[in-house]
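The structure under discussion appears below in the form of structure tokens.
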Amino acid sequence: MIINSLNKHFWRLYFKVYDRNQSEPYKHLLVEGARQMVVKPSGYYLDLGCGSGNSTLAIGRLLGSNGGALGVDTSLYALERARKKSDFGGLNNVSFQQRDMGTTLPFPDGAFDGILANNSFYLVSDPQKTLVEVMRLLKPGGSFLMTNPKEAASSSAIFKEHLAAMKERYFSRYGQVIGGLALAGHATRAVYNYALLLPFQLVLRHSYKIESHFWSVRQWAEVIEGARRASPYPFSVREPYYTYAGQNHTFIFDRLPR
């Protein structure tokens, strides 16, 4: 009970701080993940561990009126923030539910055209079992994108790539002098936001109260192979690649016909 209470308090504070993260690598991660999933402006998509809804909204923006996206998360506070964002953005094709992605979800087989787990799958206690459940929920021909922190993920590398992108933007737009002043002001705010987020990242990596898997490609490959043997729903997996300033492993799974 005490650990559950600590977890709820942690995630409440985490999402409040996390939404200050507007780094260029993060924005790129959201957009590219959505583009990989939404190959046509229709269909129904699932965002597992959606948090405060940023990746769900990115999917929704690519969908037409014939498409929809559902975000699920355990944190009511995160879902409240997600709903406020969707209301503010006028996105009527997204919705959110409180669900635990580490359990059997109350949706029929093949309910979704695509599924996304954007920096959330590494938090489930049994990734192999959850991967089998994802394949159950995915339509044959649909894809599942899973991105997770690599074993030696460095948030400072994300921060440095963000500043490099902003330097290029400010300098090309305003020139070196004014651009340099604008960059200095931006860097001050960025350092502050980075400092706020850093303690939470250390907890996720090292705390015994919150189970997380900062694994290598080899370790994930073992989980995937175990899921392939256990799953009655056949799937293939593409060659993994790096995203998020090179700090994430990203896998794309394709659900095959039986």
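The values are calculated or read from the model by the stated rules, or taken from the named source; none is laboratory data. Keep in mind that what you see is a predicted model, and the values were worked out from it rather than measured. Cβ sites come from the backbone with ideal geometry, for glycine too, and all protein chains shown count toward neighbours.
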Report summary line: Per the list (1) free of Cβ contacts under 8 Å to residues at least 60 places away in the same chain; (2) in contact with a Lys or Arg (Cβ under 6 Å, 6 or more places away or on another chain), residue check on G71 breaks on (2)
Query - Pairs with Cβ under 6 Å, 6+ apart, first in region 170-191 and assigned by TED's automatic domain parsing to the domain that holds R20 and free of Cβ contacts under 8 Å to residues at least 40 places away in the same chain, second in a helix (DSSP H, G or I) and aromatic (F, W, Y) - result: none
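Going through region 88-119 one residue at a time, which ones are of a type outside the set (A, V, I, L, M, F, W, C) and closer than 23 Å to S42 by Cβ?
The answer is G89, G90, N92, N93, S95, Q97, P108, D109, G110, D113, G114, N118.
Among the residues of region 200-221, how many are within 19 Å of the chain's Cα centre (by Cα) and either part of a helix (DSSP H, G or I) or modelled with pLDDT of 75 or more (or both)? Steps first, answer last, please.
Of region 200-221, the ones within 19 Å of the chain's Cα centre (by Cα) are 200-205, 210-217, 220.
Those still in the list that are either part of a helix (DSSP H, G or I) or modelled with pLDDT of 75 or more (or both) too: 200-205, 213-217, 220.
Total satisfying the criteria: 12.
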Report summary line: Scanning region 222-258 residue by residue, the ones that are at pLDDT 95 or above and farther than 22 Å from E161 by Cβ total 23
Requested in this report: Answer yes or no as to whether K150 is of a type in the set (D, E, K, R) and over 18 Å from the mean Cα position of the chain (by Cα).
Outcome: no
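Is it the case, given these coordinates, that F159 is under 18 Å from the mean Cα position of the chain (by Cα), outside the structural domain of F235 (by TED's automatic domain parsing) and not in a strand (DSSP E or B)? Don't jump to the end; show me each part of the working.
Details: under 18 Å from the mean Cα position of the chain (by Cα): yes; outside the structural domain of F235 (by TED's automatic domain parsing): yes; not in a strand (DSSP E or B): yes.
Against the criterion (under 18 Å from the mean Cα position of the chain (by Cα), outside the structural domain of F235 (by TED's automatic domain parsing) and not in a strand (DSSP E or B)), F159 qualifies.
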Report task. Scan region 126-140 and report the pairs whose first residue is under 10 Å from A227 (Cβ atoms) and whose second residue is of a type in the set (D, E), with Cβ atoms within less than 8 Å and a gap of 6+ or a chain change. Result -> none
Report task. Return the residue satisfying two criteria in turn: it lies in region 95-146 and is basic (K, R) and touching a strand residue (DSSP E or B) at 6+ places or on another chain (Cβ under 9 Å), and of such residues it is farthest from Y77 (Cα to Cα). Result -> K139
Query raised in the report: Checking S52 against (1) under 22 Å from R12 (Cα atoms); (2) touching a residue at least 40 places away in the same chain (Cβ under 8 Å), which test does it fail?
Result: (2)
Query raised in the report: at pLDDT below 80 and surrounded by fewer than 22 Cβ atoms within 10 Å (Cβ to Cβ): does that describe H9?
Result: yes
Query raised in the report: What number of residues in region 156-185 are surrounded by fewer than 19 Cβ atoms within 10 Å (Cβ to Cβ) and at pLDDT below 90?
Result: 1
